[in-house]
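Here is the structure we will look at.
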Amino acid sequence: MPCALDDTSWIRPGAATFSWMMDHNSPKSLEQTIRWFDLGQQMGWPYALVDARWDQMTDAAGTPVPLERIVAEADQRALKLFLWFNSGGTNNTGSGTPRNLLVDAATRRATFQRLRDLGVAGVKVDMWEADKQQLIAWQREVIEDAARYRLHVVLHNTTIPRGWDRTYPHLLGVEAGIASEHYSNTKPLADQIPEQTTIAAITRNVVGAFDYGTTLLSPYALPQSPRRTTDAHELALTVVYQSGFNGFADTPEAYLTQSPEVRHLLSTVPVAWDETRFLAADPASHVIVARRKGRTWYIAGVNGKTVTIAPGLDPSAPNYTPPTGHAQQLTVDLRDLGIQPRSTLRLFADTSATDPTLRLTNPRGRSLTVDTAPFGGFIAVVQ
């Protein structure tokens, strides 16, 4: 369906900090929340997501922190907030709060009015848990009411959007897939993520914005769920996946200790694009995507080819063995994108097929050939 909004001038896609992934209790702590606010300020991202149980937030002395204080701390750092809400009602048994504020129209609109008056930018509405007809209708009501109060929306634990972000462009992202949070709450799925990145990019993401939670650079979220992808693979996901609300899901230290070049890349990579081209796609093997913003091309490829895996097994299972991947050479003909030889190219990639260490180079020529390590990848910025 065509756009349902008369005025879209207020809609602002953007990147955000996302603390819950690496610290589930952080939204309940003012001090921890501020750590991620400081990260957002230093990285120049416009948004900060405060996830489940933010309404239970206290300071170090145990004093409850009102929403006005949370907003003020974000404002001091030039950040706008996205706040998590449990969809509530009768559709789930999840205990996360705040809950039941979005069920009936009167309470929902009063909640949205308060958020708008405080300057909150958006809401993440979670825990839908089913595709029943009444729940889909309810989601539309939430999205439509959010537009009344100029609030952006992200949906989690629900079905794929199927064109809703065209009708409602303030719907910036929907989870509806095997997202990175499985590193921290569903261990048997963690080993499948490298392969899934090559599948979701051409199945899930092509039907609507995918709120994935990109760019994990720490070794693991939980010790029993180590990250298998290389750093270059993780950087590539900022381009391979598209979302109007890119939640950077790692710790402040994971980003702030990167090289100046990597920090600049993460600070400036767009979330909304002027052109997209799939250059190569082999599900469960590799994907190469090129996206353009203005005159700058971002070309990214991921290698998810899996040789051995123990699918569905927890690492503590007696028959468990870690997954293994296969090195691949990925090639891009830059002429297909109209890129001229005089263009400047910065390539972030695995050092070699056998060395997963991240390396920055400035190759030249009419084609780009990258040797990716097992579960590796690359991202190139061409100007």
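Under Stokes-Einstein, with the Kirkwood radius over Cα pairs standing in for Rh, what whole-number D in µm²/s applies to the stretch 65-185 at 20 °C and 1.002 mPa s?
Values: Rh = 14.9 Å.
After rounding, the answer is 143 µm²/s.
Check which residues have an amide H placed less than 5 Å from G325's amide H, if you skip close sequence neighbours.
Those qualifying (amide H under 5 Å, at least 5 residues apart or on another chain) are V307.
Once the piece of chain linking R162 and N362 is laid out straight, how much longer is it, given 0.36 nm per residue of separation minus the C-alpha distance between them?
Details: separation 200, 0.36 × 200 = 72.00 nm, distance 3.93 nm.
Fully extending the segment from R162 to N362 adds 68.1 nm.
Pull up the cross-link candidates among the lysines for K305, meaning alpha carbon to alpha carbon under 23 Å and not fewer than 8 places away within one chain.
Partners found: K187.
Using only the alpha carbons of the stretch 191-323, determine the length spanned along each of the three principal axes and report them from longest to shortest in whole angstroms.
53, 34, 21
Per residue, how large is the accessible surface of the stretch 1-118? Use a 1.4 angstrom probe and give square angstrom.
Values: 5250 Å² over 118 residues.
With the other protein chains kept in place, the stretch 1-118 gives 45 Å² per residue.
Report the antiparallel proportion of the DSSP beta bridges in the chain as a percent, rounded to a multiple of 5. Don't jump to the answer; show the numbers that get you there.
Working: 40 of 66 bridges.
Rounded to the nearest five, the antiparallel share is 60 percent.
What percentages make up the Cα-Cα pair-distance distribution of the stretch 66-128 when the bins are 10 Å wide from 0?
Whole-percent P(r) values from 0 Å outward: 22, 49, 26, 4.
What would the Debye equation give as log₁₀ I(q)/I(0) for the stretch 1-112 at q = 0.19, 0.21, 0.23, 0.24 Å⁻¹, counting only Cα atoms as equal point scatterers?
-1.07, -1.19, -1.28, -1.31
If you take the C-alpha gyration tensor of the stretch 125-181, multiply each eigenvalue by 5 and take the square root, what semi-axes do you get, largest first, in whole Å?
Values: eigenvalues 61, 36, 20 Å².
Semi-axes from the Cα gyration tensor: 17, 13, 10 Å.
Let me know the charge dipole size of the chain about its Cα centre in debye, to the nearest 20, where only the beta-carbon of Lys, Arg (+1) and Asp, Glu (-1) is charged.
Numbers: 36 positive and 39 negative charges, 175 e Å.
Here the size comes out at about 840 debye.
Please work out the FRET efficiency for the pair A106 and T203, using the Cβ-Cβ distance as r and a Förster radius of 41 Å; give the result to the nearest 0.05. Numbers along the way, then the final one.
Working: r = 39 Å, r/R0 = 0.96.
About 0.55, to the nearest 0.05.
Across the stretch 273-278, in residue order, what do the Karplus-derived ³J(HN,Hα) couplings come to in whole Hz, using 6.51 cos²θ - 1.76 cosθ + 1.60 with θ = phi - 60° and x for Gly and Pro?
10, 8, 7, 9, 9, 8
Send over a whole-number figure in Å² for the accessible area per residue of the stretch 295-383, probe 1.4 Å. Walk me through the numbers on the way to the answer.
Numbers: 4530 Å² over 89 residues.
Solvent-accessible surface per residue comes out at 51 Å².
So what does log10 I(q)/I(0) come out to for the chain at q = 0.09, 0.10 Å⁻¹, using the Debye formula with one equal point on every Cα and no solvent?
Cα-only, vacuum Debye calculation for the chain: -0.51, -0.64.
Can you compute 3J(HN,Hα) from phi for each residue in the stretch 254-263, using the Karplus curve 6.51 cos²θ - 1.76 cosθ + 1.60 with θ = phi - 60°, rounded to whole Hz and x for Gly and Pro?
4, 8, 6, 8, 6, 5, x, 5, 5, 4
Taking a virtual spin label 7 Å from the Cα of D314 along the C-beta vector, which residues in the stretch 163-204 bring their backbone nitrogen under 11 Å of it?
Correct set: 187-188.
Could you compute Rg(Cα) / (2.2 N^0.38 Å) for the stretch 286-364, with N its residue count?
Scaled against compact globular proteins, the figure is 1.49.
Return the lysines within reach of K124: Cα separation strictly under 18 angstrom, same-chain partners fewer than 8 residues apart disregarded; answer none if there are no such residues.
Cross-link targets: K28, K80.
In whole angstrom, how long is each semi-axis of the equivalent ellipsoid of the stretch 243-383, when you take the square root of 5 times every eigenvalue of its Cα gyration tensor and sort them from largest down? All intermediate terms of the calculation are to be shown ahead of the outcome.
Working: eigenvalues 160, 72, 47 Å².
They are 28, 19, 15 Å, listed from largest to smallest.
7 Å from Cα along Cα→Cβ at both A4 and T351: what's the point-to-point distance in nm?
For the pair A4/T351, the computed spacing is 5.3 nm.
Within the accessible area of the chain, what % is carbon and sulfur when the probe is 1.4 Å and the other protein chains stay in place?
49 percent
Report the relative contact order of the stretch 238-383, percent, no decimals, based on alpha-carbon pairs under 8 angstrom and at least 6 residues apart. Display every interim value, and only then the final one.
Numbers: 283 pairs, mean separation 31.8, N = 146.
The value is 22 percent.
Given the -39500 (n - 2.57) contribution per DSSP H run of 4+ residues, what per-residue ellipticity at 222 nm results for the chain, rounded to the nearest 500 deg cm²/dmol?
Mean residue ellipticity at 222 nm (helix-derived): -7000 deg cm²/dmol.
Taking amide hydrogens as modeled 1.01 Å from N in the peptide plane, which residues meet the under 5 Å criterion relative to T372, leaving out close sequence neighbours?
Q328, Q329, L330
The values are calculated or read from the model by the stated rules, or taken from the named source; none is laboratory data. Just so we're clear, the structure is a prediction, and the values are computed from it rather than from any experiment. Because the Cβ atoms are built from the backbone with ideal geometry, glycine has one as well, and the counts that use them run over all protein chains shown. Surface areas here come from the heavy atoms of the whole protein model, side chains and all, with no ligands, DNA or RNA. Shrake-Rupley method; radii C 1.70, N 1.55, O 1.52, S 1.80 Å.
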